[in-house]
Amino acid sequence: MTDQTIETKSRTNHVALPTGTLVLMIDHGPEISELCDFAARANPKRGFLVVSKVLGRHVPARPVHIRATMDAIAATLSADLPQPVVFLGMAETATALGQGVYAAFQARNPSVSSAYLQTSRQQVRGTDPITKFEEGHSHATSHLVQIADPAIIRKVKDARTLVVIDDECSTGNTFVSAVRSMLGVMKELRQIETCCITDWSGGDYLADMPYPARRHSILSGWMEWHASNPAQQSHQLPEGSNGAGIAPPTGMRSRCGLLAPEAADRVHVHCQPGERILVLGDGEHSYEALRIAEEIEAQGGIAAVQSITRTPAMVGHAMRSRSTFTDAYGSGAPTFLYNILAHDPDRVIIAAELVGNQAAEAASAMQELGRNVPVQVVLCQYRDEE
């Protein structure tokens with residue numbers, strides 16, 4: 001397998017992958033290499049993966065770059081949006097991004113009536129989903145939207161603007177599915193805003209929205225995908241990829257709606273100046289990993305953020321290594337961690353709602369790659385908003 005090839009001419013990029021070729025045309029934003037890389041998906045539905053460098057999921061990202069990305073997206077949203085405004089972060093990849101954009105928007109516009117929701121692949125006991133929808137191309141297609149607090153339910157029902165946040169947009173079909181699924185609850189909805197880091201749709205999906213819609217991204221353009229390897233395209237997803245797990249009773253409250261950004265009850269993480277620490281989120285639970293990384297850097301440490309994920313990708317190109325984990329939520333879905341040594345960590349910290357086999361599996365993964373790095377699990381627990 002050869003390394004990925006990116007040729008740039010007049011803002012047109014060709015990305016050669018084992019599963020095919022991406023042709024990317026940029027009409028707005030920085031060079032692609034500043035924001036993302038690429039890999040081949042182990043998924044018969046879609047053979048490519050846009051690998052963000054500023055998200056903190058598949059490749060290590062510094063917390064300052066992640067926060068800057070969140071703030072840059074929030075800055076594109078008007079303070080004059082019809083209120084109340086509801087933000088919806090997309091599981092699993094964009095749950096931290098969504099909450100971070102919401103936090104940045106609230107900080108900029110404290111007087112705006114707003115709430116934050118996220119989709120989830122984990123069920124919260126005692127809470128019935130207000131809606132469900134499917135993401136056709138994904139390895140995990142089913143999204144649940146759950147709300148526990150009656151005050152948040154009322155705000156959602158009264159909301160006039162819906163802001164949907166994902167990490168990237170290829171066709172916009174997921175944005176459309178999410179919005180349509182919310183219509184049964186959001187009877188007063190009048191305005192739709194979609195947000196992502198990179199948008200390759202050309203904006204064609206906006207015509208399919210039920211209400212006026214605007215799109216926001218740091219980079220935008222068009223994408224063409226030319227599949228080339230039938231053997232790779234026929235790769236089957238592992239059984240259980242779409243399995244739903246169970247969220248713990250003390251799990252993050254963003255699964256059931258927030259009126260302010262959340263923070264976990266957990267131990268304070270100490271570090272030495274200059275210590276290189278990789279902080280891992282676990283699936284949807286990734287916003288607290290960013291907060292831990294910021295805590296480390298405030299002490300002079302050198303932190304980076306990544307996450308254990310369901311995303312099935314092939315080793316090569318942006319994915320220098322792949323390690324397999326057991327899903328702590330009991331879904332049976334296979335989970336992975338890519339590029340575990342790319343930050344060259346002195347220590348690994350896993351921010352977890354549930355303590356399972358993460359530490360042993362992370363240590364084993366690094367040993368297989370020839371490194372013996374200490375691993376610490378930080379249990380993160382959450383309380384209902386008061």
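Observations, loosely collected:
- Sequence-distant residues sharing a close amide H with Arg215 (under 5 Å, placed H): Thr194
- Fluctuation leader among Thr161, Thr127, Thr93 - the chain, Gaussian network, Cα springs under 10 angstrom: Thr127
- Rh by Kirkwood over Cα pairs, then Stokes-Einstein D for the chain at 1.567 mPa s and 4 °C, µm²/s: 62
- HN-Hα J in Hz across the stretch 251-258 - Karplus 6.51, -1.76, 1.60, θ = phi - 60°, x for Gly and Pro: x, 4, 7, 4, 5, 10, x, 9
- Of Met209, Met90, Met252, the one that fluctuates the most in a GNM where the chain has Cα springs shorter than 10 Å: Met209
- Residues Lys53, Lys45, arranged from fewest to most other Cβ atoms within 10 angstrom of their Cβ, appear as Lys45, Lys53.
- Charge context of Arg266, other residues only, Cβ under 13 angstrom, K/R +1, D/E -1: -3
- The simple Förster model, with R0 at 22 Å and r as the Cβ-Cβ distance, assigns Gln272 and Asn372 a FRET efficiency of 0.75.
- Counting neighbouring Cβ atoms within 10 Å and putting the fewest first, the residues Ser254, Ser228, Ser286 line up as Ser228, Ser254, Ser286.
- The chain, relative contact order in percent, only Cα pairs under 8 angstrom and at least six apart counted: 20
- Anisotropy class of the stretch 28-179 from Cα gyration tensor, a/c 1.5 cut: oblate
- Subtracting the Cα-Cα distance of Arg180 and Ala298 from their residue separation scaled by 0.36 nm leaves 38.3 nm.
- Of the trypsin sites (Lys or Arg not before Pro) found in the stretch 84-158, the ones in coil according to DSSP and having at most 13 other Cβ atoms within 10 Å of their Cβ are Arg125.
- For the chain, a Gaussian network of Cα nodes joined below 10 Å ranks Glu353, Glu284, Glu275 by mean-square fluctuation, and the top entry is Glu275.
- The trypsin sites (Lys or Arg not before Pro) found in the stretch 297-337 include none that occupy coil by DSSP while having at most 12 further C-beta atoms within 10 Å.
- Taking the number of Cβ atoms within 10 Å of each Cβ as an exposure proxy, the fewest-first ranking of Val179, Val305, Val315 is Val315, Val179, Val305.
- Pairwise FRET efficiency - Thr324 versus Ser111, Cβ, R0 = 45 Å, nearest 0.05: 0.45
Each value in this text was obtained by applying a stated rule to the coordinates, not by laboratory testing. For clarity, every value in this text was computed on a predicted model and none was experimentally measured. Glycine also receives a Cβ, built like all others from the backbone with ideal geometry; neighbour counts cover every protein chain displayed.
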